[in-house]
Amino acid sequence: MQKNLFLTGPIGGGKSTSIATALGEALPGAGGFLTVRQRDETGRAVAYWLQKPDGTCRQCIIDYSAKPYTMHMEVFETFGVELLEQAKQYDYVVLDEIGGFEVLSDAFMEALIGLLKSGTPCIGVMKGVAPASKMIQKLGLGEAYVQRAECLRQWMRDDENTLLYECAQYDPEGLRLAHEWVGR
């Protein structure tokens, strides 16, 4: 049985919800981070925040409130790396989500791979290929992003301690796997 479980697939398919449901009251006790969407009064996403699972600290990673949109890579290279390093001290880690523009940061990727190799069990969401293509268009990311994201997906597929599960829309197997991971 793998120590790390990552769900990937379509936007709105319930991946993050499956993880939060499976962890329940244990979610705030995790190391790692959550990616939290901020919506305006019409429901449109206006920003994304990198936040500790206990909700105590967060920093803006994408601001859609003005054009051009603003990506805050420095947040991943400082706060994100700090959260990944601290996560090794926890019994379990939530990474919801990875595979966004942060894959372009060498410092973040080095800390992420170090965490995944550390033996600390991790559960999370890996941005799917289709959702990534929307992000590429919206943020103007290029071929370097596509290559780095695919390298991370391939690393996860090849790692004997990681299961990268491709969820269908509202896939009950993702929830079952998350419950099984929590049970271990």
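The values are calculated or read from the model by the stated rules, or taken from the named source; none is laboratory data. Everything numeric here is computed off the predicted structure, so don't read it as measured data. Glycine also receives a Cβ, built like all others from the backbone with ideal geometry; neighbour counts cover every protein chain displayed. Note: accessible area is taken over every heavy atom of the protein model, side chains too, but ligands, DNA and RNA are not part of it. Shrake-Rupley method; radii C 1.70, N 1.55, O 1.52, S 1.80 Å.
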Practice task
Please report, in debye to the nearest 20, how large the charge dipole of the stretch 60-162 is about its Cα centre when each Lys and Arg carries +1 at its beta carbon and each Asp and Glu carries -1 there.
Solution key: 420 debye
Exercise for the section: Please give the solvent-accessible surface of residue 182 in Å², to the nearest 10, using a probe radius of 1.4 Å with every protein chain present. Expected result: 60 Å²
Fill in the blank from the handout: Sorted list, accessible surface of protein heavy atoms, 1.4 Å probe, largest first, for 179, 72 is 179, 72
Practice task
Please give the solvent-accessible surface of residue 175 in Å², to the nearest 10, using a probe radius of 1.4 Å with every protein chain present.
Solution key: 60 Å²
Problem - Mean separation of Cα contacts under 8 Å (6+ apart) over length of the stretch 1-130, as relative contact order % - result: 31 percent
Handout entry: Read-out Cα extents along the principal axes in Å, derived from the coordinates shown; its label in [x] 65, 28, 26; [y] 50, 36, 34; [z] 45, 34, 31
Key = [z]
Completion exercise
Connecting every pair of Cα atoms under 10 Å apart in the chain and solving the GNM, the largest mean-square fluctuation among 166, 77, 25 falls on 25
Problem - Two-site label geometry, residue 137 and residue 36: point separation in nm, points 7 Å out along Cα→Cβ - result: 3.0 nm
Completion exercise
Neighbours of residue 111 by Cβ distance under 15 Å: Lys/Arg at +1, Asp/Glu at -1, summed charge -4
Problem - Low-density loop cleavage sites - trypsin sites (Lys or Arg not before Pro) in the stretch 1-90, where at most 13 other Cβ are within 10 Å (DSSP) - result: 44
Fill in the blank from the handout: When the chain is treated as a Gaussian network with springs between alpha carbons less than 10 Å apart, the largest mean-square fluctuation among 124, 55, 14 is found at 55
Problem - Rounded if a/c under 1.5, otherwise prolate or oblate - the stretch 110-184, Cα gyration tensor axes - result: oblate
Fill in the blank from the handout: The simple spin-label model distance between residue 157 and residue 11, using points 7 Å out along Cα→Cβ, in nm, is 2.4 nm
Practice task
Tally up the carbon and sulfur contribution to the accessible surface of the stretch 30-72 as a whole percent, 1.4 Å probe, everything protein left in place.
Solution key: 48 percent
Completion exercise
Rounded to whole Å², per residue accessible area for the stretch 10-92 with a 1.4 Å probe reads 53 Å²
Handout entry: Sites residue 144 and residue 88 - FRET efficiency at Förster radius 25 Å, r taken between beta-carbons, to 0.05
Key = 0.35
Fill in the blank from the handout: Out of 47, 179, 119 - ranked by how far each Cα lies towards the positive end of the dipole of the chain, with unit charges on the beta-carbon of charged residues - the top one is 47
Exercise for the section: Can you tell me the dipole magnitude for the chain around its Cα centre, using point charges on the Cβ only (Lys, Arg +1; Asp, Glu -1), in Debye to the nearest 20? Expected result: 380 debye
Completion exercise
Only helices counted: for the chain, with every DSSP H run of 4 or more residues adding -39500 (n - 2.57) and the sum spread over all residues, [θ] at 222 nm is -11000 deg cm²/dmol
Completion exercise
quick note, the chain, DSSP beta bridge pairs, % antiparallel (nearest 5) is 40 percent
Fill in the blank from the handout: Expressed in square angstrom to the nearest 10, the accessible area of residue 65 with a 1.4 Å probe stands at 80 Å²
